[in-house]
Amino acid sequence: MQHNLELLAQQYQVDAARAAILQARLWNNPNLAVTQGLYNPENKKWIDLSRSGETALQLQQLILLAGKRNKQILIARDQYQWNVYALFDLMRTLRYTLHADMFQLYYAQQSLNLYAYEIQSFHHLADVLREQYQKGFAAKKEVLRIQAQLLDLQNQYVSQQQQIADIEAELATLLSVPRSYVIPILQTDSLLLQDVRQYALTTLIDSALNNRADVQMAGMNVKMSQHNLQLQKAQAVPDLLLAVGYDKNGSYVPNANLISAGFDIPLFNRNQGNIQAAKSMVQYQQTQLQQAREAVITEVTDAYQQALHAQQLYQSVDTSFYTSFQHMLEEVNLNYQHRNISMLELLDMYDAYKQAVLDYQQAQLNRLQTLEKLNYVVGRTVYH
């Protein structure tokens with residue numbers, strides 16, 4: 001997924017946050033002011049640079065007090081780490097979406113193969129019936145009924161193709177690659193045999209609280225708000241402005257060398273509003289963190305229960321009947337052609353076979369998707 005545009009955009013956010021740390025470390029630039037007399041009325045000279053003219057220089061430097069610079073660096077680092085966690089969380093979401101789509105595509109194609117098998121069987125049966133009808137051994141209504149069933153299967157086949165096309169389009173967007181026909185090759189046997197109960201629910205919850213990037217993002221929001229509160233308190237301390245200067249003829253003596261220091265008097269504005277807002281933001285972010293942790297506990301518990309239910313359903317299915325079922329269909333075709341069974345029995349058998357296979361495929365898909373959902377909500381690959 002290295003070409004995924006959303007992933008690339010978030011990586012640029014990380015790069016921008018890293019650059020913000022560099023910017024926060026920089027000192028304020030000094031300020032140089034030059035004052036030159038425009039006109040000297042004594043000697044009637046413009047911009048007089050001689051001894052009788054006036055020239056003044058002043059060099060100023062703002063000194064941040066109360067550790068403001070270090071606190072700004074801390075906030076920039078927090079923002080960088082938040083963006084890193086956001087990148088990890090996006091990767092977690094994209095990985096889950098990719099795996100879920102691949103599972104869905106795989107079983108959608110398996111269902112397509114099932115429809116193709118039944119369409120082929122009914123094509124053959126329709127040809128046989130038409131031949132028998134021409135010889136007078138079959139009624140026209142039987143031919144029409146088989147053709148109607150065939151048309152219904154073909155419509156289901158087209159609908160399944162559209163579903164596959166939609167999944168492929170989503171995968172093409174996800175991977176940022178040209179859309180193409182994809183045949184996923186999945187090694188699902190080991191995953192289908194996984195026992196959900198090999199990990200206790202409490203273990204998975206603890207792992208999620210420690211590994212989920214969105215929880216870490218919420219924790220970083222708390223940390224940033226605390227550092228911002230420290231910065232706002234530091235902003236109440238006035239900064240110091242130091243200056244050195246030279247004045248040729250405009251001071252108390254010619255060629256005067258001067259030094260000065262200045263700062264705001266915190267008489268009215270002591271940053272009270274921003275400090276109060278920062279305190280409220282700390283409490284807000286702490287509440288958000290608690291809410292995020294509770295949401296994770298709920299998500300893991302729900303995903304764990306869903307995985308258990310899907311496991312119980314999958315393990316309750318007897319897979320041995322599929323082989324005998326397909327063999328039975330071949331026998332049913334022959335028996336129908338020899339008029340040993342009715343058309344209703346034939347169609348019922350095909351519908352039962354199709355529904356049984358689709359239900360089994362859905363049970364497998366649910367099993368895989370619930371395990372993948374559990375990996376997603378835990379924040380790491382637990383079942384693989």
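The values are calculated or read from the model by the stated rules, or taken from the named source; none is laboratory data. Owing to the predicted nature of the structure, the values given are computational and were not obtained by experimental measurement. Glycine gets a Cβ as well: all are built from the backbone with ideal geometry, and neighbour counts include every protein chain shown.
Details
Residues are listed down the side, and each one gets a yes or a no for (1) in contact with a Leu (Cβ under 7 Å, 6 or more places away or on another chain); (2) in contact (Cβ under 8 Å) with a residue 24 or more places away in the chain; (3) not in a strand (DSSP E or B):
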{"residue": "Asp206", "(1), (2), (3)": "no, no, yes"}
{"residue": "Ser225", "(1), (2), (3)": "no, yes, yes"}
{"residue": "Gln232", "(1), (2), (3)": "no, yes, yes"}
{"residue": "Gly245", "(1), (2), (3)": "yes, yes, no"}
{"residue": "Gly250", "(1), (2), (3)": "no, yes, yes"}
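- Taken as a whole, segment 54-67 holds no residue that is free of Cβ contacts under 8 Å to residues at least 24 places away in the same chain and either within 30 Å of Asn210 (Cβ to Cβ) or out of contact with any Phe, Trp or Tyr (no Cβ under 7 Å at 6 or more places or on another chain) (or both).
- One residue stands out among those in segment 337-384 that are under 18 Å from Asp152 (Cβ atoms) and among the aromatic types (Phe, Trp, Tyr): the one that is farthest from the chain's Cα centre (by Cα), which is Tyr350.
- Among residues of segment 46-72, those that are over 11 Å from Asn249 (Cα atoms), more than 51 Å from the chain's Cα centre (by Cα) and among the β-branched types (Val, Ile, Thr), counted: 1
- Enumeration of residues in segment 127-140 that are buried (at least 19 other Cβ atoms within 10 Å of the Cβ) and assigned to a helix (DSSP H, G or I): Leu129
- Out of Asn274, Asn269, one residue alone is assigned to a helix (DSSP H, G or I) and farther than 30 Å from Gln369 by Cα. It is Asn274.
- Failed condition for Pro178, given (1) assigned to a loop (DSSP other than H, G, I, E, B); (2) touching a Ser or Thr at 6+ places or on another chain (Cβ under 7 Å): (2)
- Positions within segment 181-200 being β-branched (Val, Ile, Thr) and either at pLDDT 80 or above or part of a helix (DSSP H, G or I) (or both), in sequence order: Val196
- For segment 334-362, a tally of residues being small (Gly, Ala, Ser) and either surrounded by 18 or more Cβ atoms within 10 Å (Cβ to Cβ) or not in a helix (DSSP H, G or I) (or both) returns 1.
- Hits in segment 136-166 - residues which are of a type in the set (Val, Ile, Thr) and under 10 Å from Phe122 (Cβ atoms): Ile146
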